[in-house]
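Everything on this sheet refers to the single structure shown next.
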């Protein structure tokens, strides 16, 4: 059995805390949810973590729904269930000596509860900063890959290419 990393995210908490999503939710809550899921999907690939994003049923009435979107598990809780209570149960299900379970929420009471169960906690701000860092790392990796690939077929050495790049920037 291999080590697994799980990230349980309080979806509406992130939407309310991240400025670009907070502004978007006023106009279109579905678009804000989709953007959050897309950003978390990229994050999951870079950090190699399984993301479960939980939305309260406050804005989506009906039975609990679980689906997968872009590799992210998306959960809409039952009508009278909060994301916090679902996450607390989820932490209990994922806690295992081989698993690393992290919960992303800025709700302090929720952070203490999940911390007592053995999970790590991450605020909305911390997740946002780590997400930006992951994007930067991914961009740097892509640039390094293409740079190496282009150099392979070039008669120029890396030093010569760097010097040419400096000259280009001075123009």
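Readers should treat all values here as calculations from the given coordinates under stated rules, not as data from a laboratory. Given the structure is predicted, the values throughout are model-derived calculations rather than measurements. Please note: Cβ atoms are built from the backbone with ideal geometry, for glycine as well, and neighbour counts cover all protein chains shown.
Considering segment 96-111 alone, what residues qualify as being surrounded by fewer than 19 Cβ atoms within 10 Å (Cβ to Cβ) and assigned to a helix (DSSP H, G or I)?
108, 109, 111 - these are the residues of segment 96-111 that are surrounded by fewer than 19 Cβ atoms within 10 Å (Cβ to Cβ) and assigned to a helix (DSSP H, G or I).
Okay, residues lined up against (1) loosely packed, with under 14 Cβ neighbours inside 10 Å; (2) part of a helix (DSSP H, G or I); (3) without any contact (Cβ under 8 Å) to a residue 40 or more places away in the chain; (4) in contact with a helix residue (DSSP H, G or I) (Cβ under 9 Å, 6 or more places away or on another chain):
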| site | (1), (2), (3), (4) |
| --- | --- |
| 2 | yes, no, no, no |
| 7 | no, no, no, yes |
| 15 | no, yes, yes, yes |
| 25 | no, yes, yes, yes |
| 38 | yes, yes, yes, no |
| 43 | no, yes, no, yes |
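State all residues of segment 89-109 that are farther than 20 Å from residue 18 by Cα and in contact with a strand residue (DSSP E or B) (Cβ under 9 Å, 6 or more places away or on another chain); if no residue qualifies, say none.
Correct list: 90, 91, 94, 95, 96, 98, 99, 100, 101.
Spot the failing condition for residue 165; the list is (1) out of contact with any helix residue (DSSP H, G or I) (no Cβ under 9 Å at 6 or more places or on another chain); (2) outside any helix (DSSP H, G or I); (3) farther than 16 Å from residue 52 by Cα, and only one is missed.
(2)
Scan 114, 87, 52 and give me the residue that is within 21 Å of the chain's Cα centre (by Cα), touching a residue at least 24 places away in the same chain (Cβ under 8 Å), surrounded by 14 or more Cβ atoms within 10 Å (Cβ to Cβ) and assigned to a strand (DSSP E or B).
So the residue among 114, 87, 52 that is within 21 Å of the chain's Cα centre (by Cα), touching a residue at least 24 places away in the same chain (Cβ under 8 Å), surrounded by 14 or more Cβ atoms within 10 Å (Cβ to Cβ) and assigned to a strand (DSSP E or B) is 52.
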